[in-house]
Amino acid sequence: MKVLVTGVAGQLGHDVMNELAKRGYEGIGSDIKDTYSGIPDGTAVVTMPYVPMDITDKASVEKVLKEVNPDVVVHCAAWTAVDLAEDEDKKQTVRKVNAEGTRNIALVCKDLDCKMVYISTDYVFDGQGTNPWEPDCKDYKPLNVYGETKLEGELAVSENLEKYFIVRIAWVFGKNGKNFIKTMLNLGKTHEQIRVVSDQIGTPTYTLDLAVLLVDMIETEKYGYYHATNEGGYISWYDFTKEIFRQAIEAGHKEYEKVTVTPVTTEEYGVSKAKRPFNSRLDKSKLTANGFNLLPTWQDAVKRYLSEIEF
């Protein structure tokens with residue numbers, strides 16, 4: 001199986017490439033830079049085949065995909081800076097990347113009759129209520145530009161293809177790039193008190209674990225919409241932060257013993273440019289129903305992640 005992975009300079013693309021290598025599949029990485037620009041961590045992705053591609057350039061996408069002629073495209077590339085996406089001078093770029101770029105890929109996948117995986121987000125919903133969002137729910141109501149453009153990407157895939165997996169995730173962390181855990185660990189070095197919101201509820205997703213599931217998926221023809229995060233229960237960002245520091249201290253980083261984490265409401269924390277969902281709970285029962293393994297608990301994922309990174 002030959003698999004083209006977009007966004008290999010990011011957290012998920014990096015881990016998907018390594019998972020493909022582990023299973024002996026032919027993985028070809030892609031991103032906008034001329035050469036691989038992710039973390040030079042000595043893993044397989046660093047030396048695997050790489051091809052530059054600007055997903056917003058229709059001609060570039062057609063040329064690259066038709067030359068590679070993959071069996072599957074795993075589309076991880078996206079604009080993910082949620083607050084920056086609200087800036088007037090960025091909105092057009094965000095839409096070009098998340099919506100038009102995805103459509104460019106979907107149309108060539110249709111021509112090539114290959115499978116496509118599109119990584120989406122709970123932000124396509126309005127984030128209200130307390131019930132977990134079901135993968136086949138069509139009650140879309142994105143709160144911000146990021147959510148709007150990711151939904152447009154979803155529709156570009158579902159309206160043009162039959163062989164697709166649309167996988168919504170939340171609260172992502174991985175080795176290759178910025179994320180909430182790294183931010184908290186860095187803040188803990190310089191702050192004795194950290195305020196974290198306690199009224200936004202969801203579950204974290206470790207890209208290393210998600211990559212295993214995505215490669216499991218492309219080995220099948222069980223197409224459709226899925227939700228995937230780690231197991232371990234629904235939590236707030238405050239709960240997540242408390243566990244990050246607890247585990248860091250347990251791992252021998254005593255400098256975090258001085259840190260006090262204080263819960264605050266979203267309103268108390270202060271308005272961010274982009275509206276954030278209060279309810280990021282995702283229903284993952286469709287994974288089990290279709291024979292896929294659920295991800296390990298997020299607590300276990302944090303432990304493994306902290307042993308992987310330097311902090």
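The values are calculated or read from the model by the stated rules, or taken from the named source; none is laboratory data. In this text, all values refer to a predicted model and were calculated from it rather than measured experimentally. Cβ sites come from the backbone with ideal geometry, for glycine too, and all protein chains shown count toward neighbours. Areas reflect the complete protein model, heavy atoms only, side chains present, ligands, DNA and RNA absent. Shrake-Rupley method; radii C 1.70, N 1.55, O 1.52, S 1.80 Å.
So the values come out like this:
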item: Portion, in percent, of the accessible area of the stretch 142-235 that falls on carbon or sulfur, probe 1.4 Å; result: 49 percent
item: Reachable lysines from LYS63, criterion Cα separation under 17 angstrom, eight or more residues apart if same chain; result: LYS2, LYS33, LYS110
item: The chain: angle of helix 11-22 to the longest principal axis, Cα-based, in degrees nearest 10; result: 60 degrees
item: On Cα atoms only, tilt of 207-218 relative to the major axis of the chain in degrees; result: 30 degrees
item: Beta bridges by DSSP in the chain, antiparallel share as percent, to the nearest 5; result: 5 percent
item: The stretch 84-167: relative contact order as a whole-number percent, Cα under 8 Å and 6+ apart; result: 44 percent
item: Length-normalised contact order for the chain - Cα pairs under 8 Å, 6+ apart - percent; result: 19 percent
item: Length-normalised contact order for the stretch 19-109 - Cα pairs under 8 Å, 6+ apart - percent; result: 27 percent
item: Cα centroid separation - the stretch 15-80 against the stretch 256-291, whole Å; result: 30 Å
item: Stokes-Einstein D (µm²/s) once Rh is taken as the Kirkwood radius of the stretch 1-158 over alpha-carbon pairs, at 25 °C in 0.890 mPa s; result: 152 µm²/s
item: Gyration tensor verdict on the stretch 240-307 (Cα atoms; rounded if a/c is under 1.5, prolate if a/b is larger than b/c, oblate otherwise); result: oblate
item: Max mean-square fluctuation residue, GNM over the chain, Cα-Cα springs under 10 Å, options ASN176, ASN186, ASN18; result: ASN186
item: Crossing angle, helix 298-308 versus the chain [Cα axis fit, 0-90 degrees, rounded to tens]; result: 80 degrees
item: Diffusion constant of the chain at 37 °C, which comes from Stokes-Einstein with the Kirkwood Cα-pair radius and 0.692 mPa s, µm²/s; result: 165 µm²/s
item: Cα gyration tensor shape for the stretch 1-85, rounded if a/c is under 1.5, else prolate or oblate; result: oblate
item: Accessible solvent surface per residue of the chain, calculated while the other protein chains remain in place, 1.4 angstrom probe, Å²; result: 44 Å²
item: Unit Cα scatterers, Debye sum, the stretch 143-195: log10 I(q)/I(0) for q = 0.15, 0.24 Å⁻¹; result: -0.66, -0.97
item: 5 angstrom amide H check on VAL51, placed H, neighbours 5+ away; result: GLY29, SER30, ASP31
item: Label-point gap, in nm, between HIS191 and LEU112 - each point 7 angstrom along Cα→Cβ; result: 4.4 nm
item: Of LYS178/LYS303; LYS22/LYS150; LYS141/LYS275; LYS66/LYS284; LYS66/LYS163; LYS189/LYS284, those spanning more than 24 Å from alpha-carbon to alpha-carbon; result: LYS22/LYS150; LYS66/LYS284; LYS189/LYS284
item: Gain on full stretching of the segment that runs from GLU159 to GLU310 - 0.36 nm per residue minus C-alpha separation; result: 50.1 nm
